[in-house]
1. Collect the residues in the range 21-65 that are under 25 Å from V83 (Cβ atoms), free of Cβ contacts under 8 Å to residues at least 12 places away in the same chain and hydroxyl-bearing (S, T, Y), keeping them in residue-number order.
2. Return yes when I63 is surrounded by fewer than 17 Cβ atoms within 10 Å (Cβ to Cβ), on the phi < 0 side of the Ramachandran plot and either part of a helix (DSSP H, G or I) or of a type in the set (A, V, I, L, M, F, W, C) (or both) and no when it is not.
3. I'd like the residue in the range 66-105 that is surrounded by 10 or more Cβ atoms within 10 Å (Cβ to Cβ) and of a type in the set (K, R) and, out of all such residues, is modelled with the lowest pLDDT.
4. Which condition breaks for P54 when tested against (1) out of contact with any Ser or Thr (no Cβ under 6 Å at 6 or more places or on another chain); (2) surrounded by fewer than 17 Cβ atoms within 10 Å (Cβ to Cβ)?
5. How do the pairs read when you match residues in the range 2-16 that are at pLDDT 95 or above with residues anywhere that are surrounded by 10 or more Cβ atoms within 10 Å (Cβ to Cβ) and of a type in the set (S, T, Y), using Cβ under 6 Å and keeping only pairs 6 or more apart or on different chains?
6. Among the listed residues A86, A68, which satisfies the condition of being in a helix (DSSP H, G or I), within 11 Å of the chain's Cα centre (by Cα) and without any contact (Cβ under 8 Å) to a residue 60 or more places away in the chain?
7. Does the range 19-29 contain any residue that is assigned to a loop (DSSP other than H, G, I, E, B) and among the hydroxyl-bearing types (S, T, Y)?
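The values are calculated or read from the model by the stated rules, or taken from the named source; none is laboratory data. Since this is a predicted model, take the numbers as computed values, not measurements. Methodologically, a virtual Cβ is constructed for each residue, glycine included, from the backbone with ideal geometry; neighbour enumeration extends over all protein chains shown.
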Amino acid sequence: MSENGTHSRIFAARVASALNEELGKTSAHVKIVAAWTGANERTVKNWFAGHYGPSGDHLVTLIKHCDAVLMAVLSMADRDQLVMSARIEDIERRLAELLEIIRRR
């Protein structure tokens with residue numbers, strides 16, 4: 001298998017893992033992603049199964065809606081600093097929400 005084929009399979013598997021992590025537990029996960037991206041449901045099912053990965057505008061749209069896909073792409077690009085920064089920002093946001101809830105009581 002060519003190096004590109006190997007990278008394509010790894011990419012598809014990592015995106016599938018991210019999608020399943022974030023949306024796989026919902027019964028409408030395929031419909032949700034299809035609505036976000038405009039891709040047909042069969043294509044989206046292939047993404048969730050890891051048979052193929054999204055490309056171009058579909059990938060960008062997924063990243064807009066799905067933090068797990070963003071993290072997977074950053075990790076595959078060896079941008080671990082950006083992954084850590086995004087996680088820290090998420091923790092800060094969640095802490096701020098928690099503080100707001102505590103203050104309301």
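1. The answer is T26, S55.
2. When the stated conditions are applied, I63 does not pass them.
3. Per the stated criteria, the residue is R87.
4. Every condition holds for P54 apart from (2).
5. Taking only residues 6 or more apart or on different chains, the pairs are A12/Y52.
6. Going through A86, A68 in turn, just one is in a helix (DSSP H, G or I), within 11 Å of the chain's Cα centre (by Cα) and without any contact (Cβ under 8 Å) to a residue 60 or more places away in the chain: A68.
7. Yes, the range 19-29 contains at least one residue that is assigned to a loop (DSSP other than H, G, I, E, B) and among the hydroxyl-bearing types (S, T, Y).
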